1. Could you count how many residues in segment 143-177 are in contact with a helix residue (DSSP H, G or I) (Cβ under 7 Å, 6 or more places away or on another chain) and of a type in the set (K, R)?
2. Quick check: is even one residue across segment 142-149 under 30 Å from T288 (Cα atoms), in contact with a Gly (Cβ under 7 Å, 6 or more places away or on another chain) and not hydrophobic (A, V, I, L, M, F, W, C)?
3. List pairs: first in segment 249-261 and in a helix (DSSP H, G or I), second of a type in the set (G, A, S), Cβ under 7 Å, 6+ apart or cross-chain?
4. Inspect all residues belonging to segment 302-312 and state whether any of them is part of a loop (DSSP other than H, G, I, E, B) and not β-branched (V, I, T).
5. Provide a single number: the residues in segment 327-342 that are closer than 13 Å to H208 by Cα and outside any loop (DSSP other than H, G, I, E, B).
6. Whether any residue in segment 242-253 is of a type in the set (D, E), under 19 Å from S302 (Cα atoms) and within 13 Å of the ligand (Cβ to nearest atom) is what I want to check.
7. Does T136 satisfy the criteria of being near the ligand (Cβ under 10 Å from one of its atoms), more than 13 Å from the chain's Cα centre (by Cα), over 29 Å from M334 (Cβ atoms) and at pLDDT 95 or above?
8. Go through the residues of segment 141-149 one by one and say whether even a single one is within 20 Å of I13 (Cβ to Cβ), buried (at least 23 other Cβ atoms within 10 Å of the Cβ) and within 11 Å of the ligand (Cβ to nearest atom).
Amino acid sequence: MESILITGGAGFIGSNFVRAFMQRYGQVEVHVLDALTYAGNPENLPSEIHQNPRFHFWYGNVCNAGIVSDLMQQVDTVIHFAAESHVARSIYDNVVFFETDVIGTRVIADQVLRNRKRIKRFVHISTSEVYGSALTQPMTEQHPLMPFSPYAAAKCGADRLVYSYAKTYGIPAVIVRPFNQYGPFQHLEKCIPRFITSALDGKRITLHGDGSAARDWCYVDDTCDALMKVLEAPLDAVMGEVINLGTGTATDIETLSHAICEQVGRPSVPIDHIENRPGQVDLHVSSTDKAERLLGWRARTSLEEGLARTIDWYRTNQDWWRKLEWMKHVPITMTSGQVVMH
Ligand SMILES: NC(=O)c1ccc[n+]([C@@H]2O[C@H](COP(=O)([O-])OP(=O)(O)OC[C@H]3O[C@@H](n4cnc5c(N)ncnc54)[C@H](O)[C@@H]3O)[C@@H](O)[C@H]2O)c1
């Protein structure tokens, strides 16, 4: 690997990945393509990275085949994070989700195909949301794909689009399905940062429904480590494969919110229940077998330890998140058609 294109590298997982990757692969040229939507922020990457001569930041849209084509000529490896990523936002307005997540992925896959002599590996970041709610526990990669939300449907389309390119054209694609991520630099619209920042301020926390919806929470550093293992694994072991990235344990939102308040030192913060979000997934819990078999990877950070690190980061980086507070709550179209702020 001499040069890599990282799309969405100014977002939450992408920026954590760029940091970890540049630390491990000091000699590789890194090209980040990011449209800097409300979720992207160049400040998510430290100034040492911006000043590193091996780092190149390109402001642009993955749907623009001209820009993607220019960049694709300069790299041998691609990892595609760029997406609209918030389930709740996709319920109110999904236009940009289908544009970026599906059409943008088609542009990337197509340019990988056109440059197939040079591109050695293409890692597509899908999501556990493509499965819908768990019909079997834990959820293996064979679990039916029954996306509940427009976000999940768009990501499912992208996931299967990449798979079809691997099958039809033999592009060197690997599809990974991370389960719910948390850690530093995550936007306040997402549940864990929302809970942490509310608890830090001693403000009430609101939970959707009865709080029993459970997710497999995976610390972002562990995921970045797994993604580097996907880049390092022998190509014939991973090419055309789908790999879940999760911990194998689910924790419900009610338990999670209490754990956060305890760890923040605000156990008496009020936790209120509001109307459930339409299309809510009841349970996600990942099988860890395939990631262990193909990558030798298992998540190492316990939820307690990951939360402690995340809380510490939000406690000490208030300049970063205070300006995002107005985006903590998102309009949602309920099944009645009424729009409410959640
Ligand atoms: N956060 C999670 O819990 C989670 C879980 C599983 C999978 N994923 C997937 O991981 C990837 C990254 O998620 P995240 O949480 O870091 O998202 P994020 O919303 O924090 O970041 C997305 C990044 O993509 C950029 N972007 C958006 N539209 C673009 C476009 N048209 N062209 C170029 N750049 C664009 C944004 O500016 C931002 O920097 C996504 O594909 C998401 O679906 C996320």
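The values are calculated or read from the model by the stated rules, or taken from the named source; none is laboratory data. All of these numbers come straight from a predicted model, not from anything done at the bench. Because the Cβ atoms are built from the backbone with ideal geometry, glycine has one as well, and the counts that use them run over all protein chains shown.
1. So the count comes out to 2.
2. For segment 142-149, residues under 30 Å from T288 (Cα atoms), in contact with a Gly (Cβ under 7 Å, 6 or more places away or on another chain) and not hydrophobic (A, V, I, L, M, F, W, C): present.
3. Close Cβ pairs (under 7 Å, with a partner that is of a type in the set (G, A, S)) amount to I253/G211; I253/A213; E254/G211; E254/S212; I260/A199; C261/A199.
4. Checked segment 302-312: at least one residue is part of a loop (DSSP other than H, G, I, E, B) and not β-branched (V, I, T).
5. So the answer is 3.
6. Checking segment 242-253: not a single residue is of a type in the set (D, E), under 19 Å from S302 (Cα atoms) and within 13 Å of the ligand (Cβ to nearest atom).
7. Here the answer is no, as T136 does not meet what is asked.
8. No, segment 141-149 contains no residue that is within 20 Å of I13 (Cβ to Cβ), buried (at least 23 other Cβ atoms within 10 Å of the Cβ) and within 11 Å of the ligand (Cβ to nearest atom).
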